[in-house]
Amino acid sequence: MSFVSPLFLWYFMPAVLLAVLVLPRSWRNGIVAVGSLIFYASGAGAFTLLLLLCMVVNFAAGPWLQPDEWDIRPDRRRRWLLIGVIAFDLSILLIWKYAGFATEQIAWFAGLFGGGFPIVELALPIGISFFTFHHISYVVDIYRGERYALRDPVSFATYISMFPQLAAGPIVRYREIADQLPQHRQHRLDDIAAGFPRFALGLCKKAIIADSLAPLADACFATPTHEMTFAIAWLGAVTYTLQLYFDFSGYSDMAIGLARMIGFRLPENFARPYSSVTITEFWRRWHMSLSRWFRDYVYIPLGGNRAGAGKTYRNLCVVFVLTGFWHGANWTFLVWGLYHGALLIIERSFGWDRTPTDAARRVTRRVLTLVLVVFGWVFFRSPDLGHALTMLGHMLLPDLTGLTDVVDAAVTNQRLTILLLALVAFALPAHPVAGPLLESSRTRAASALRVGVMTVGLAYAAILVATGTFSPFLYYQF
């Protein structure tokens, strides 16, 4: 079930909101937990059992991981239990997400010597990367003593399976939401009034912009390498850069708005990343919940930047290798991660990670950062490395060849108009960010934005959804 499907918009969401609004406050977590499992089962089917298995293991381990002030359980015992639980969580992720990729590489290597090896083919459970990271955050935060273990399975199920963030984030660290799980909700109508405009903004981003750009990006990236041209390569790269942003930030706005309507505050996930002046700043603005997760549970435990430049660069490489492979089992994602890791190391080593003071240099650095990000998305979107390198080669070597007939047919007047309007995202200032502004600000500009989103934008998005022109969110595949 997708946020932009009629089933969700006109039946599931109103039913859950009505139940949370009219039933006793003490029922909220139960309503959310049951509704979330129904939501997940509608799309994942039997994989719901896999989610439940992971939930049972992590919930059962929680109380045993909690530090004991009387030292009844030695730290060594807790440490080994933590390692075991994390190994279990990661093994589930590795098996279901990476077994096929690993066996393909083994089979290729065996074929060099005339041998064979069976290739494992497993369907990817929806949201497995996200609920795995939620489970790891839960057990690690308890082990560190930052929050207490949950004793109520309903509250635990609410945190792990909460339908706004279950399929594609934001990634909510346990300590960010633990204090919200007690059901002391006073202003339910105010929460709905604040959350719904944010949800509507995300729906507009997805249905009006991202889904309009999707066929054009798909046509460009589907162009055979021998037919690729300078125009197709740049058109595809820029279109996908915008599509991915509006698709994923749209999902995040919808998730944050939905969670607000049922009484939860989720962390922000985007802050106008294409306004960044450096790659370092880009990663402070793009998929911020993922960056924070890797910082807290990988980068800092490895030593962060406390042990000299060499180990800092090593730690960055480890984080971005994992970031790349977290997105998918393909060499293109690994190269994309290494590419960004290398850019961050270069910026740090030359002191280029700091924002220039004069306006001219800021503009130059912003354009350069944007171009580097666009190049990176070519690896992220391409089906294989050969295709990515071909596209990049054509982007760097101008030619006078135009578009193929297939791509030209995809460039309709409506898509071209949306593309030109979406390009404004490249020129917007870093602040203010529309989502938080729309949700909480009472300024005249915010009120005007709310009126526009809730009338013209929402009406047009609803028409597009009703006509069946929506597509799955891009981050569902991760």
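Nearest 20 debye, what's the magnitude of the dipole of the chain about its Cα centre given +1 on Lys and Arg Cβ and -1 on Asp and Glu Cβ? Don't skip to the answer; put the middle values down first.
Details: 39 positive and 30 negative charges, 303 e Å.
Magnitude of the dipole: close to 1460 debye.
Per residue, segment 6-184 exposes 48 Å² of accessible surface when a 1.4 Å probe is rolled over the protein heavy atoms with every protein chain present. With coordinates expressed along the principal axes, the C-alpha atoms belonging to segment 227-295 extend over 51, 25, 20 Å, beginning with the largest. Between the residues Phe333, Ile106, Gln414, the greatest Cα displacement towards the positive end of the dipole of the chain, with unit charges on the Cβ of Lys, Arg, Asp and Glu, is found for Phe333. Backbone phi angles across segment 50-62, fed through the Karplus curve with coefficients 6.51, -1.76 and 1.60 (θ = phi - 60°), yield HN-Hα couplings of 5, 4, 5, 4, 4, 5, 4, 4, 6, 5, 5, 6, x Hz in residue order; Gly and Pro are listed as x.
The Rg/Rh ratio for segment 113-264, using Cα coordinates for both the radius of gyration and the Kirkwood hydrodynamic radius, is 1.12.
Compute the convex hull volume of the Cα atoms of segment 308-442, divide it by the residue count, and report the result per residue in Å³ as a whole number. Mind dumping the intermediate values first?
Working: hull volume 27.9 nm³, N = 135.
About 207 Å³ per residue, rounded to a whole number.
Computed from backbone phi, the HN-Hα couplings of segment 412-426 come to 7, 4, 5, 5, 5, 5, 4, 4, 5, 5, 5, 4, 4, 4, 6 Hz, rounded to whole numbers (Karplus: 6.51 cos²θ - 1.76 cosθ + 1.60, θ = phi - 60°; Gly and Pro given as x).
Taking the empirical scaling 2.2 N^0.38 Å for compact globular proteins as reference, the chain has a Cα radius of gyration ratio of 1.01. Atom-type composition of the exposed protein surface of segment 6-184 places 68 percent of the accessible area on carbon and sulfur (1.4 angstrom probe).
Kirkwood hydrodynamic radius of segment 276-357 from all distinct Cα pairs, in Å? Please list the in-between numbers first.
Details: mean 1/r = 0.0771 Å⁻¹.
Hydrodynamic radius (Kirkwood, Cα pairs) of segment 276-357 is 13.0 Å.
Annotation for segment 1-75 versus segment 87-129: alpha-carbon center distance of 29 Å. Seen from Val406, the other residues with C-beta closer than 13 Å to its C-beta sum to a net charge of -4, counting Lys and Arg as +1 and Asp and Glu as -1.
Below 8 Å, C-alpha to C-alpha, sequence gap of six or more: please give me the relative contact order for segment 216-282 in percent.
Details: 33 pairs, mean separation 14.5, N = 67.
For segment 216-282, the relative contact order is 22 percent.
Only helices enter the 222 nm calculation for the chain: every DSSP H run of n ≥ 4 contributes -39,500 (n - 2.57), and dividing by all residues gives -20000 deg cm²/dmol, rounded to 500. For segment 6-184, the pair-distance distribution built from all alpha carbon pairs, in bins 5 Å wide starting at 0, is 1, 8, 14, 17, 16, 14, 10, 8, 5, 3, 2, 1, 0, 0 percent.
The values are calculated or read from the model by the stated rules, or taken from the named source; none is laboratory data. Quantities reported herein were computed from a predicted structural model and do not represent experimental measurements. Virtual Cβ from ideal backbone geometry, glycine too; neighbours counted across all protein chains shown. The protein model used for the area step is the full one, side chains on, heavy atoms only, and it has no ligands, DNA or RNA in it. Shrake-Rupley method; radii C 1.70, N 1.55, O 1.52, S 1.80 Å.
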